[in-house]
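Presented below is the structure to which this report refers.
Quick note: the coordinates plus some simple rules give every number you see, no bench work behind them. Since the structure is predicted, the reported quantities are computational estimates derived from the model, not experimental observations. In this analysis, Cβ positions are derived from the backbone assuming ideal geometry, glycine residues included, and neighbour counts consider all displayed protein chains.
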Amino acid sequence: MPRVHFFRTKDATMVPRSQRDIAQDITDIIIERLERGVAPWKRPWRTFCGGRPRRAHGKPYTGINSLLLWAIADSQGYTSQYWMTRKQAGDLGGAVRRGEPSSPSIYFNTFTKAAQPTFPGEGGNITIRFMRSYAVYNCDQIDGLPPHYYPQFMLHEAVGPSQHQAAIDAFFSPIPIEVRHGGNRAFYAPGGDYVQMPPRASFLTSDHHATTLGHELAHATGAAHRLGREFGRRFGDQAYAFEELVADITAGIVACELGLPTELHDNHASYVSGWLAILKGDKSAIITAAAKAEQAFRWLSAWSAVQPEPKRGAGGCPVANSA
């Protein structure tokens, strides 16, 4: 079983080594999965039934919490997509099994303090942003919860693209970015502000086409007149690899929301190598990438008639949207 970099407390929960080191703990987990050849924003959605990790009341986690809980669920073999605190479990009639380790749920907050005046008579306040975590448990670790918190079945078989086509069309068609088809490469052209895709017939399935299109449209969201995604000098020569990381996470989220297999878009080995270099050199980089990807997905989905909340079937599992 993969190493997870937390320490065990007296009540057998697992918490970060230091509250000041949350970003490093998150980065260690993501690096470990990448070095094993598994991008946490891809494979886990086929590991358990459902899309994003969900809170006790059903609201999906977003940003870094999605990546972190996906990675933990994949490494620990959890099949439920629901996570909750020990108290929430008790309120629902459940109990965390003795000895089960907790996982961190990250939150951000701010506080205000008086600024140190530079000149006599100066005053004012400054706002400081900080990151903290609290302990949550996957529902696989909890007994006695209502049945819908536990998956009743797993869907591992491949789904024909025709079952997704209505959702694919409804998501992508309204997006006001020009998409051209032709040639043998997929890319976003900043100068002309368009996405170039190979002919549809050259893809194995429409699912492959949609996953690749999601990746390239993610790049297009970073244009100055859209989200204006810039990284300044932070990543230096690795800025291109970081943008690829943002686009890949965005494409993974799109695939998740549309019910597409997430492993269809292959990551070039050079990209993965670049990602590892970035994450090892900057422990908060994955948090930034997750936030940027979430912004890109929200921009794309805002044009769509498809809602980000999938319909729920038996066992809380998403079902395909109907036309």
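Whole-Hz Karplus ³J(HN,Hα) for segment 285-294, in order, using 6.51 cos²θ - 1.76 cosθ + 1.60 and θ = phi - 60°, x for Gly and Pro?
Result, ordered by residue: 5, 5, 5, 5, 4, 5, 5, 5, 5, 4 Hz.
Residue by residue through segment 99-116, what is 3J(HN,Hα) from phi via Karplus (6.51 cos²θ - 1.76 cosθ + 1.60, θ = phi - 60°)? Round to whole Hz and write x for glycine and proline.
x, 6, x, 8, 10, x, 10, 8, 9, 10, 8, 9, 9, 10, 9, 5, 6, 6
When ranked by the protection proxy of mean other Cβ atoms within 10 Å per residue, highest first, what sequence do the peptides 77-88, 164-175, 100-111 form?
77-88, 164-175, 100-111
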